Amino acid sequence: QVQPVESGGGLVQAGGSLRLSCEASGNIKSINVMGWYRQAPGKQRELVAVISSSGSTNYLDSVKGRFTISRDSAKNTVYLQMNSLKPEDTADYYCKLHAAYGMDYWGKGTQVTVSS
């Protein structure tokens, strides 16, 4: 079993920065893809950024150039550095870990609020 736990959310003014962290415990050797998703009120959950075990990344178009995903394998942690935040980035942010055997593990989420 794998358990991701997010941290780092909060309230920030537009233009500010936050860094989200997701630390994984359990059978983490099976994890090959780590990602961040978000869900705003009344909207569907969307992929924000993913990073593979090889380090390749992919981003939602609206966050390219502002957000950076990274991982520290030694700490079993994936990060999302969010700069130049906008009110439309307000959402609950979730960490998802994908295992090589096909299972997905979700964290409980962390709230990000960007004030204008």
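The values are calculated or read from the model by the stated rules, or taken from the named source; none is laboratory data. Keep in mind that what you see is a predicted model, and the values were worked out from it rather than measured. Neighbour counts run over all protein chains shown; Cβ positions are idealised from the backbone, glycine included. Ligands, DNA and RNA are stripped out before the accessible areas are found, and what is left, the full protein with its side chains, is counted by its heavy atoms. Shrake-Rupley method; radii C 1.70, N 1.55, O 1.52, S 1.80 Å.
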Protein accessible area in the chain, 1.4 Å probe - carbon and sulfur %: 47
Value of relative contact order over the chain, rounded to a whole percent, pairs C-alpha under 8 Å and six or more apart: 37
Neighbour net charge for Val5 - beta-carbon separation under 9 angstrom, K R +1, D E -1: -1
Net charge contributed by nearby residues that have their C-beta within less than 13 Å of Leu85 (K/R +1, D/E -1): +2
Pairs of lysine residues in the chain - Cα separation under 27 Å, sequence separation of 8 or more or cross-chain: 16
Neighbourhood net charge (12 Å Cβ-Cβ; Lys/Arg +1, Asp/Glu -1) for Leu97: 0
Rel. contact order, % - alpha carbon contacts under 8 angstrom, at least six apart, the stretch 1-58: 25
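Using a probe radius of 1.4 Å on heavy atoms only, what accessible surface per residue do you get for the chain? Whole Å² is fine.
Accessible surface, normalised per residue, equals 53 Å².
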Label-zone membership for the stretch 17-49, site Lys64, 7 angstrom Cα→C-beta point, backbone N under 17 Å: 47-49
